Amino acid sequence: MPALRSVAAKPPDPRAAHALVIGDWGWSEKLGAETARNGNGFEAQKMVARGMERYARSSGIHADGLFMLGDSWYGELTGGAASPRWVEQFERLYPLETFACPVHSMLGNHDYQMLPPEVNKLEAELEYARSGRGLDGRATRWTLPSRWYTFDFPKRNPLVHVIVLDSNMPRPDGVWQHGHDFTLKPEGQAEQLAWFEQELKKPRTTPFLAVLAHHPVFSNGPHGDHPVLVREWDPLFRKYKVDLYMAGHDHDLQHLEFEGHPTTHFLSGGGGADLYVLKVDGLDRGPYAQEVHGFSHLSVTRSALELRHLDADGRFLYGISKTPSGKVSVLLS
Ligand SMILES: [Fe+2]
C-alpha cells in the first residue's frame with residue numbers, strides 16, 4: 001500500500017460535477033423479514049436514501065448523475081418491468097425532485113436471477129429502461145441501455161469518460177452457470193472483453209477515465225479478490241491507466257490503492273442490503289474499509305477528482321482527492 005499524503009477536506013465545490021453512488025441497494029422486504037438483521041422490510045435502504053437527499057441539500061450540490069452499482073433487486077421482482085417495486089423502492093426513494101439526473105445502472109449477481117422463476121430480472125431491468133415509464137407519467141431516469149455501455153460525465157463539458165461493465169462472470173474454469181442464478185455465457189465474456197479493450201484504445205477526450213461494475217476486482221470484504229477480473233481486467237486497467245474503478249457487492253465501504261498501480265479502487269456496497277464482516281482490515285490493505293451503511297460522492301473538476309464515503313445520515317466518513325496525473329491524497333475532516 002503506497003504512503004498517501006493528507007490534505008484538509010473542504011466542503012464539496014458546488015461548481016464541480018457531482019454524482020452520488022450506491023451499491024447493493026434494492027433490499028427485499030421478504031428477505032428483511034426473514035433475516036431481521038437489517039430491520040424488517042427495507043429500513044436500511046430507506047435510511048441511506050434519505051441520508052443522500054439530506055446530504056445533497058445541505059451541501060448545496062446538484063447531482064448530475066446517480067451511479068447505482070448493481071444488486072438493484074434482491075428477492076422477487078414479481079411483474080418484472082411492471083413490478084410495483086420500481087415505484088416504491090426506486091422512483092420514490094430517490095426522487096426526481098432531489099435527483100433530476102440520469103441514473104446509470106449496472107448488473108449485479110442478484111440482477112442475474114430468475115426470481116420468481118418466470119421473471120428474468122436482468123431482462124426486466126433492460127426493459128424498464130427501454131420503456132421509459134416513470135412515476136406519474138414522467139419519464140424514468142433509469143439508464144441501462146445494455147449490459148455494458150459507456151457514457152460521458154457530466155453530459156455537458158464532460159470530465160470523466162465512464163465505461164460500465166458486466167462483472168457476472170462464468171466460473172474461473174469457464175463453465176457457464178445457469179438456472180435460478182446465472183451469469184454471462186463464455187461467448188458474452190469474450191465479446192465484452194474485446195469491446196472493453198477497443199474502448200480503452202480510443203483517444204482520451206476527458207481528464208479522467210473510470211470503469212464501473214458490480215463485483216470488485218480487489219476487496220477486503222468476504223468475497224475477496226475476484227480471480228477472473230484480476231486475470232482479465234486488471235492488466236487492462238494497468239495498461240490503459242484507468243484512473244478509477246468503482247464497484248459494490250461486498251456490503252461495506254472501501255478504498256484500496258496499490259503501489260505502482262494507476263487505478264484507485266473505491267467500493268460502495270452500503271446502499272441497503274445487510275452488512276458483511278470484513279475479511280481484511282483496511283489498515284493492512286487499504287487504506288480504508290468499514291462495515292457501514294452509506295453511499296459515496298464523486299465530485300470532479302478539470303484539476304481533481306474527489307471521492308467521499310458518507311454514512312446513512314450523510315456524515316463524512318472518509319475521502320480522497322486524485323489529480324489527472326494520478327496523485328492521491330486523503331481528505332482529513
Ligand atoms: Fe452482489
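The values are calculated or read from the model by the stated rules, or taken from the named source; none is laboratory data. Keep in mind that what you see is a predicted model, and the values were worked out from it rather than measured. When we count neighbours, we look across all protein chains shown, and the Cβ atoms used for this are built from the backbone with ideal geometry, even at glycine.
Okay, here's what the table says:
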{"read-out": "Which listed residue is surrounded by 24 or more Cβ atoms within 10 Å (Cβ to Cβ) and either of a type in the set (A, V, I, L, M, F, W, C) or within 16 Å of the ligand (Cβ to nearest atom) (or both), from L96, L115, L77", "value": "L77"}
{"read-out": "Qualifying residue in the stretch 194-204 (condition: of a type outside the set (V, I, T), part of a loop (DSSP other than H, G, I, E, B) and in contact with a helix residue (DSSP H, G or I) (Cβ under 6 Å, 6 or more places away or on another chain))", "value": "no"}
{"read-out": "Selected residue (only one of D136, D71 is touching a residue at least 60 places away in the same chain (Cβ under 8 Å) and acidic (D, E))", "value": "D71"}
{"read-out": "Some residue of the stretch 37-50 being more than 16 Å from the ligand (Cβ to nearest atom), charged (D, E, K, R), farther than 23 Å from A289 by Cα and over 21 Å from the mean Cα position of the chain (by Cα)", "value": "no"}
{"read-out": "Test: residue in the stretch 219-231 that is within 16 Å of the ligand (Cβ to nearest atom), in contact (Cβ under 8 Å) with a residue 24 or more places away in the chain and among the β-branched types (V, I, T)", "value": "yes"}
{"read-out": "Members of the stretch 317-333 found to be more than 18 Å from the chain's Cα centre (by Cα), among the hydrophobic types (A, V, I, L, M, F, W, C) and within 14 Å of P12 (Cα to Cα), listed by number", "value": "L331, L332"}
{"read-out": "Residues being in contact with a His (Cβ under 9 Å, 6 or more places away or on another chain), farther than 16 Å from I22 by Cα, surrounded by fewer than 24 Cβ atoms within 10 Å (Cβ to Cβ) and at pLDDT 95 or above - total across the stretch 234-283", "value": "6"}
{"read-out": "W86 vs. criteria closer than 19 Å to H214 by Cα, of a type outside the set (S, T, N, Q) and buried (at least 18 other Cβ atoms within 10 Å of the Cβ)", "value": "no"}
